[in-house]
1. Go through (1) modelled with pLDDT under 90; (2) farther than 30 Å from Arg303 by Cβ; (3) under 24 Å from the mean Cα position of the chain (by Cα); (4) open to solvent by 70 Å² or more (accessible area, probe 1.4 Å) one by one and return the number of the condition Ala219 breaks.
2. Only one of these is assigned to a loop (DSSP other than H, G, I, E, B), at pLDDT 80 or above and surrounded by 11 or more Cβ atoms within 10 Å (Cβ to Cβ): Val136, Val126. Name it.
3. Looking only at segment 10-26, how many residues end up being assigned to a helix (DSSP H, G or I) and under 15 Å from Leu106 (Cβ atoms)?
4. Would you call Ser79 open to solvent by less than 50 Å² (accessible area, probe 1.4 Å) and either at pLDDT below 85 or under 30 Å from Thr181 (Cα atoms) (or both)?
5. Just to be sure I understand, how many residues within segment 8-19 are surrounded by fewer than 16 Cβ atoms within 10 Å (Cβ to Cβ) and of a type in the set (Ser, Thr, Tyr)?
6. Looking at (1) buried (at least 17 other Cβ atoms within 10 Å of the Cβ); (2) in a strand (DSSP E or B); (3) at pLDDT below 95, can you tell me which one Leu148 breaks?
7. Exactly one condition in (1) modelled with pLDDT of 85 or more; (2) surrounded by 14 or more Cβ atoms within 10 Å (Cβ to Cβ); (3) on the phi < 0 side of the Ramachandran plot is not met by Gly118; state its number.
8. Go through segment 285-311 and give me each residue that's out of contact with any helix residue (DSSP H, G or I) (no Cβ under 8 Å at 6 or more places or on another chain) and open to solvent by less than 60 Å² (accessible area, probe 1.4 Å).
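The values are calculated or read from the model by the stated rules, or taken from the named source; none is laboratory data. Note that the structure is a prediction, hence the values are computed from the model and not measured. Glycine also receives a Cβ, built like all others from the backbone with ideal geometry; neighbour counts cover every protein chain displayed. All accessible areas refer to the heavy atoms of the entire protein, side chains included, with ligands and DNA or RNA removed. Shrake-Rupley method; radii C 1.70, N 1.55, O 1.52, S 1.80 Å.
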Amino acid sequence: MRADRLVSILLLLQNKGKLTTRELAKELEVTERTIHRDMEALTTAGIPVVADRGKTGGWRLMEQYRTNLTGLKVNELKSLFLTPSAQLLNDLGLTKEWEEARQKLLASVPSIFQKEAGNVWERIYVDTSTWRQSPVKVESFQILQQSLWDEKKLQIRYERADGETVDRIVEPLGLVAKGSTWYLIASANGEIRNYRASRIIAASVTAETFSRPEGFNLAEYWQDSTDQFIKALPKYEVDVEMSASIVPRIKFTGRFVQILHTQSPTKNGWIPANLCFETEQEACEFILGFGDQIRILSPKTLRKTVYQMAKATVEMYKQD
C-alpha cells in the first residue's frame, strides 16, 4: 500500500507542480504526519523532492525530473487520451483503474505536450448510451469476465429471442460492446456464436480449461459477423412521396427505416423516395404514423393494408 501511495505522490507532483502537505493528505486520505514520512522515504530513494517555505510554499519536484514518453507524435498522444465510454468502463468495473492510469499516462508525457494532451479530455467525450435508454443490468457480467481471463469453460442458462431457455457449456472468447449492449462471443460444439449478455440468466465458471482457436481475432470476427448479419436482414422496399417537412425526421429515425435514395421534388413540392424496412408490418406502422405526410406509390398491396389499418383506427375512436 505504501509503495502505491509513494507512486501516487510522485505522479501528483509531476502533474500539478506543487502541493501542500494538507492537500496531499486530503488527496490520498492519510494524515499529514504520514505525508511527511512518505516525503522522507522519497528523498531517501533519491527522488529530488523540494519543500518550499512560506505562504506559497509546498512540495514539488526539481525541474526536469520526470519520466518521458519519447517518439510519439502529437496526434498519437491525443489518441491515447480519448475518453472511453464511462458506461462501458463502469460495466467492466474499471472506472477507478482507468482514472489512475490516465494520471500515470499524463505524468509520462513530455511537458511541452502535456497541456495539449490534457485538453483532449475537455473537448471530446464518448457517450454510447441512447436518448431513451432503459438500463439493462447484466447479472453475470463479472463471471463472464473471470472465465475469459482464466480461459475456463462457462456454463450458462440463456434465453433465446423466441423466449425459450437453454443450458449450454461454452468456451468464452471475448466480450463486444455494440453501442451500450454487451455480447459474449463463445464457442459451442466447435461453432462460434454471439450471445447477448443481458439474456444470460445464470452463469458459472467450470473447472475445465480450454484452448483458444489459433489465430482467432475478436475484432475481425465481429466485423465479419456484423456484415453477415446485415446482409441476412429481411428487406421490404417501398416507393413513396414525402412532404419535405418530414424528411429530416425520417433521417433522424434511421434506426427504423433506411432511405435508399431520393429524387428532386415534384411540382407540388413532394419528394419521391425509396424506403427500406425489414417487414411489411414495420412499414405499415411507420408510414401510418406520419398520417397524410407520406403517400405510398408501390407496392399497391401496402397501400391497401395501410388503408385498412387507418380505417380500423378511425372506427375504434368513433366507438368512443
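1. (1)
2. Numbers: Val136 fails: at pLDDT 80 or above.
Being assigned to a loop (DSSP other than H, G, I, E, B), at pLDDT 80 or above and surrounded by 11 or more Cβ atoms within 10 Å (Cβ to Cβ) holds for just one of Val136, Val126, which is Val126.
3. Taking segment 10-26 as the starting set, the residues that turn out to be assigned to a helix (DSSP H, G or I) are 10-16, 21-26.
Still in the running and under 15 Å from Leu106 (Cβ atoms): 10-16.
The number of residues fulfilling the criteria is 7.
4. Numbers: open to solvent by less than 50 Å² (accessible area, probe 1.4 Å): no; either at pLDDT below 85 or under 30 Å from Thr181 (Cα atoms) (or both): yes.
No: the conditions fail for Ser79.
5. 0
6. Going through (1) buried (at least 17 other Cβ atoms within 10 Å of the Cβ); (2) in a strand (DSSP E or B); (3) at pLDDT below 95 one by one, Leu148 breaks only (2).
7. (1)
8. Result: Phe286, Gly291, Ser298, Pro299.
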